[in-house]
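> Here's a structure for you.
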Amino acid sequence: HVKERGRSDFRFYQRQMNIDLLSRMKLDHAMRLALEHGDFQLHYQPQVDLASGDVIGVEALIRWHDKDLGQISPAQFIPVAEETGVIVAIGNWVLTHAVQQAALWHAQGRQLVMAVNVSALQFQQANFVASVADALSAAGLPPDRLELELTESILVRDADEALKRLGALAELGVKLAIDDFGTGYSSLSYLKRFPIHKLKIDRSFISELPDSDSDTAIVRAIINLAQALKLCVIAEGVETELQRHFLVSAGCDEFQGYLCTPALSHEALEQFMEKGDKQPQTKLF
Ligand code: C2E
Ligand code: MG
Ligand code: MG
Ligand code: MG
């Protein structure tokens, strides 16, 4: 078993090395070609209301299969895209496509919020708010069906400019979420200054629930903070029934994670929803 673990670790490191050995510029070039050739795809992971068991939203997550490099994880290529700047073009592609898909589902009468990840560099573009407004009006999606997932780094960079932009987005009617909440460096004071709607508790605090005393304390504190500030709170990376149960009893609003399903292609997600199976509901006693 140790041997097997060693072997799969080796495979992981070898793959990692393949990516590292490619120069940043080569990967940058491959990403630009992937945009041109339509090699990127979006998958969608459900966000589930903990009280009703209903799927009330999905997060769009980018997927890339390169014919030479194979499947490349966004955890590997997004940081490089942020370094080289190609994230701006990728982010625009993601926004446009996610909003189009959301509009299709909206037209079919599905009540879903589409959550889209936004990188700092993308957010800092002078035309960012306009590009969000354009994507919404081109697709005919009501703005409150779109939620932008921002990281704390966006809020610390240039706080005054960020405040202006977030205000403009909130005015449009778009929802704003803080992704990977609890892992950033920023002070909590931004939560009262910025028009935020939702906190996403980072997976690193969820994975050892309910056994870890420190993680249970941190997660309870984040949920209490969200409740006090009248923000919605969602846990990401929920994999077990025990984790879900803990979150329900701690008063969390929503969850996302493999316990429901990993991210799915749009067809697979539609099938998943057709099955109509609700996620297990809040039954504490
Ligand atoms: P994130 O936004 O925090 O997304 C959550 C990540 O956790 C996703 O990884 C998702 O597949 C994974 N995940 C969800 N549920 C579980 C679970 O129960 N267990 C475990 N172990 N993992 C789970 P993914 O798709 O590999 O994306 C990684 C990161 O790459 C994302 O983290 C986000 O920061 C970035 N990313 C992905 N798509 C985009 C995009 O379109 N634009 C930007 N700017 N970043 C993106
Ligand atoms: Mg996210
Ligand atoms: Mg996240
Ligand atoms: Mg995360």
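> Going by the structure shown, is L136 modelled with pLDDT under 95, open to solvent by less than 30 Å² (accessible area, probe 1.4 Å) and part of a helix (DSSP H, G or I)?
Criteria not met by L136.
> Assess whether D253 counts as being within 12 Å of ligand 1 (Cβ to nearest atom) and acidic (D, E).
no
> Further question on the same structure: Could you list, ordered by first residue, the pairs with Cβ atoms under 6 Å in which the first is in the stretch 191-212 and more than 13 Å from ligand 3 (Cβ to nearest atom) and open to solvent by less than 40 Å² (accessible area, probe 1.4 Å) and the second is acidic (D, E) and assigned to a helix (DSSP H, G or I), at least 6 apart or interchain?
L209/D215
> So S153 passes all but one of these: (1) away from ligand 1 (no atom under 16 Å from the Cβ); (2) in contact with a Gly (Cβ under 7 Å, 6 or more places away or on another chain); (3) at pLDDT below 95. Which condition number does it fail?
Every condition holds for S153 apart from (1).
> V94 is checked against (1) at pLDDT 95 or above; (2) open to solvent by 10 Å² or more (accessible area, probe 1.4 Å); (3) out of contact with any Leu (no Cβ under 8 Å at 6 or more places or on another chain); (4) within 13 Å of ligand 1 (Cβ to nearest atom) and fails just one. What number does that condition carry?
Of the numbered conditions (1) at pLDDT 95 or above; (2) open to solvent by 10 Å² or more (accessible area, probe 1.4 Å); (3) out of contact with any Leu (no Cβ under 8 Å at 6 or more places or on another chain); (4) within 13 Å of ligand 1 (Cβ to nearest atom), the odd one out for V94 is (3).
> Looking at the stretch 84-98, can you tell me whether even one residue there is without any contact (Cβ under 8 Å) to a residue 60 or more places away in the chain, assigned to a helix (DSSP H, G or I) and farther than 22 Å from L136 by Cβ?
no
> While we're looking at this one, here's another question. Pairs, please: C-beta under 7 Å, at least 6 apart or cross-chain, first residue closer than 8 Å to H43 by Cβ and in the stretch 58-70, second within 14 Å of ligand 4 (Cβ to nearest atom) and part of a loop (DSSP other than H, G, I, E, B)?
L61/A263
> Among the numbered criteria (1) among the small types (G, A, S); (2) open to solvent by 10 Å² or more (accessible area, probe 1.4 Å); (3) closer than 18 Å to A268 by Cα, which single criterion is violated by G57?
Going through the list (1) among the small types (G, A, S); (2) open to solvent by 10 Å² or more (accessible area, probe 1.4 Å); (3) closer than 18 Å to A268 by Cα, G57 breaks only (2).
> Filter the stretch 249-272 down to the residues that are part of a helix (DSSP H, G or I) and surrounded by fewer than 18 Cβ atoms within 10 Å (Cβ to Cβ) and list them by number.
Selection gives S249, H266, E267, A268, E270, Q271, F272.
> Which of the residues that make up the stretch 216-228 are away from ligand 3 (no atom under 16 Å from the Cβ) and either of a type in the set (D, E, K, R) or under 14 Å from D180 (Cβ atoms) (or both)?
Hit for the stretch 216-228 is R220, nothing else.
> If the requirement is being farther than 30 Å from A107 by Cβ and free of Cβ contacts under 8 Å to residues at least 12 places away in the same chain, which of these qualifies: D158, D215?
Result of the check over D158, D215: D215.
> Of everything in the stretch 101-120, what is at negative phi and either among the small types (G, A, S) or surrounded by fewer than 17 Cβ atoms within 10 Å (Cβ to Cβ) (or both)? Give them in sequence order.
A102, A103, L104, A107, Q108, R110, Q111, A115, S119, A120
> Let me ask something else about it. Return the only residue of I234, I222 being within 16 Å of ligand 4 (Cβ to nearest atom), in contact (Cβ under 8 Å) with a residue 40 or more places away in the chain and in a helix (DSSP H, G or I).
Unique residue meeting the criteria: I222.
> Can you name the number of the only condition in (1) closer than 23 Å to C260 by Cβ; (2) surrounded by 14 or more Cβ atoms within 10 Å (Cβ to Cβ) that V156 fails?
Here V156 clears every test but (1).
> Which of the residues belonging to the stretch 209-219 are in a loop (DSSP other than H, G, I, E, B) and of a type in the set (S, T, N, Q)?
Once the filter is applied, which keeps residues that are in a loop (DSSP other than H, G, I, E, B) and of a type in the set (S, T, N, Q), the stretch 209-219 yields only S212.
The values are calculated or read from the model by the stated rules, or taken from the named source; none is laboratory data. Bear in mind that the values here come from a model prediction, so they are computed numbers and not experimental data. Cβ sites come from the backbone with ideal geometry, for glycine too, and all protein chains shown count toward neighbours. Heavy atoms of the whole protein, side chains included, go into the accessibility calculation; ligands, DNA and RNA do not. Shrake-Rupley method; radii C 1.70, N 1.55, O 1.52, S 1.80 Å.
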